[in-house]
């Protein structure tokens, strides 16, 4: 049997082991309080980048930076403290790798031992395995230069240093700069991995053997011990429909790979684009059909950045083990404020007044203009939005009535109606706040408009399909409805360039808005923070709390264990089979959680860290398994 060849791992320090360039940080510390601080720090950063991308020689870059520094030995303590908290995230979480391969991990850096050794030694890297420059100080401790007798003090220094080490085995270089690549170019390393977690230099990534967005990716590709189950950079997120950039920021901060398309996609487009996507983010215009789900080979979760989820085939998602999350509360206040504003404007006949003024007509008259105080508001759908609208309307002096198919508790002085007909007969203003379920399609049609008072005000900020638009047009033409506000439509443009077509266009005392009920900056930021947090929790921990289609489980933080996530058809005996597999392999269960709905069962099992790979194979082989994954 041939012995396995020894592996050596060569890591750069600046912008690889740490998130920052140490000399740039030192400049900021040394020049603290100087009026020229910002200008000099910027010059040093520019020299760093030029040296790293190969546009000037390393030695020239280093000499010019040190000349600008004006630093002292006393500044190094602050620098070391700063660098310790700026270690790259993927380095921090993979201490096991550093501990296991301590003898074979080397730091080869153009930086300086004085600050590198104290930082890397906390991760088990031996001081004798750190190859770097060393400062020269004068009698006052001022940094006046660097030792000239060290290979790394010269151009092509990393190549010279690695050649002197004469390592016998496989050599892997991980770094972010051209000088790191030079070791591979010289034939001294088997592979060069361009590290892009902190900085991306296209001149370097273009010549690398591999691009590694994190240390996790490097460890995963080379089958080395790692802290997480799967590199986050391999989790592909597709964001559609111009979702607020805060969502993109959150996903990228987490380390996910993000693609953005600002418009909606039709079914065929989405079928093509969904391949290899792990997380899909949409608003209300993109329909995720069963056909789309069938093309989703890696999809784990969908985020609806809105309240409704009727645009998603939830049953198809459930059958494929895809969790769906939405934003049930984030834009509630925004929709309520729009409803109140539109009620007031329609009661005062403002749309027609505004149109007249733009045509030069001065119509100063109180005819047809009313206060909202004392008027009867009828709310159809008394969920999050309907109930909050109730509170605000009551504060304005309105009498509130509501109808909901679910038995809901009245808030304040609101009165519950026993039937939709009772409410329609009674109120002066009708406001819709129902969901998009099939039963609500054409909820309000010709018969319902006939039941309303003459001269009623009608508001639809719910779903386009719940109102028969032709019946509304007829009710407006006959005067049955004297004013309407509509924000949602059965057919809406896919993007801002497509024309909006509707028979409601041009009608008197009608407010038409382009589905902007929840489109305030506050609401969009709230949604863009809330939905990603739920998706990330699910991916990282298996937590399904507030999923609209999965059994809801709130899980404790995972510590010193593996978490096995098993999604299966809701048939009897699955939990017993899971536990039989674990018992057969003599695996201790630390904690176990099970919840089911009518379609699927969701089992979370936390086990001791050590386990045989055959266990995973056996668990996946259990009949009626939909999806299985491991977290650690």
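The values are calculated or read from the model by the stated rules, or taken from the named source; none is laboratory data. Please read all numbers here as calculations on a predicted model, not as lab measurements. Positions of Cβ are backbone-derived with ideal geometry, glycine not excepted, and every protein chain shown enters the neighbour counts.
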| task | Determine whether residue 117 is assigned to a helix (DSSP H, G or I), under 29 Å from residue 223 (Cα atoms) and in contact with a strand residue (DSSP E or B) (Cβ under 8 Å, 6 or more places away or on another chain). | result | yes
| query | Of the residues that make up the stretch 462-471, is at least one exposed (fewer than 15 other Cβ atoms within 10 Å of the Cβ) and either assigned by TED's automatic domain parsing to the domain that holds residue 338 or under 35 Å from the mean Cα position of the chain (by Cα) (or both)? | reply | yes
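Per-residue answers, yes or no, for (1) surrounded by fewer than 19 Cβ atoms within 10 Å (Cβ to Cβ); (2) within 36 Å of the chain's Cα centre (by Cα); (3) within 19 Å of residue 200 (Cβ to Cβ):
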{"position": "16", "(1), (2), (3)": "no, yes, yes"}
{"position": "27", "(1), (2), (3)": "no, yes, no"}
{"position": "51", "(1), (2), (3)": "no, yes, yes"}
{"position": "59", "(1), (2), (3)": "yes, no, no"}
{"position": "63", "(1), (2), (3)": "yes, no, no"}
{"position": "85", "(1), (2), (3)": "yes, yes, no"}
{"position": "94", "(1), (2), (3)": "no, yes, no"}
{"position": "99", "(1), (2), (3)": "yes, yes, no"}
| said: Among the residues of the stretch 148-155, are any assigned to a strand (DSSP E or B) and crowded, with 18+ Cβ neighbours inside 10 Å? | reply: no
| request: Answer yes if at least one residue in the stretch 503-523 is within 23 Å of residue 261 (Cα to Cα), out of contact with any strand residue (DSSP E or B) (no Cβ under 6 Å at 6 or more places or on another chain), surrounded by 19 or more Cβ atoms within 10 Å (Cβ to Cβ) and at pLDDT 95 or above, and no otherwise. | output: no
| field | Qualifying position, being in a helix (DSSP H, G or I) and surrounded by fewer than 24 Cβ atoms within 10 Å (Cβ to Cβ), among 474, 442 | value | 474
| Across the stretch 299-329, what is the total count of residues that are in a loop (DSSP other than H, G, I, E, B), more than 18 Å from residue 463 (Cα to Cα) and within 14 Å of the chain's Cα centre (by Cα)? | 1
| query | Residues in the stretch 361-384 that are at pLDDT 95 or above and closer than 21 Å to residue 444 by Cβ: how many? | reply | 8
| request: With the checklist (1) assigned by TED's automatic domain parsing to the domain that holds residue 251; (2) in contact (Cβ under 8 Å) with a residue 24 or more places away in the chain; (3) on the phi < 0 side of the Ramachandran plot in hand, flag the one item residue 345 doesn't pass. | output: (1)
| said: Restricting to the stretch 280-291, name every residue that is surrounded by fewer than 24 Cβ atoms within 10 Å (Cβ to Cβ) and not in a loop (DSSP other than H, G, I, E, B). | reply: 290, 291
| note | Note on the stretch 158-179: residues in a helix (DSSP H, G or I), in contact with a strand residue (DSSP E or B) (Cβ under 7 Å, 6 or more places away or on another chain) and modelled with pLDDT of 95 or more are 158, 161, 162
| Across the stretch 78-102, what is the total count of residues that are free of Cβ contacts under 8 Å to residues at least 12 places away in the same chain and in contact with a helix residue (DSSP H, G or I) (Cβ under 9 Å, 6 or more places away or on another chain)? | 1
| Every residue from the stretch 209-223 that is without any contact (Cβ under 8 Å) to a residue 40 or more places away in the chain and surrounded by fewer than 20 Cβ atoms within 10 Å (Cβ to Cβ) | 209, 210, 211, 220, 221, 223
| said: Quick check on the stretch 556-587: of everything there that is touching a strand residue (DSSP E or B) at 6+ places or on another chain (Cβ under 6 Å) and part of a loop (DSSP other than H, G, I, E, B), which residue is surrounded by the most Cβ atoms within 10 Å (Cβ to Cβ)? | reply: 587
| query | Are any residues in the stretch 541-552 crowded, with 17+ Cβ neighbours inside 10 Å and part of a loop (DSSP other than H, G, I, E, B), and if so, which ones? | reply | 542, 543, 544, 546, 548, 549, 550, 551
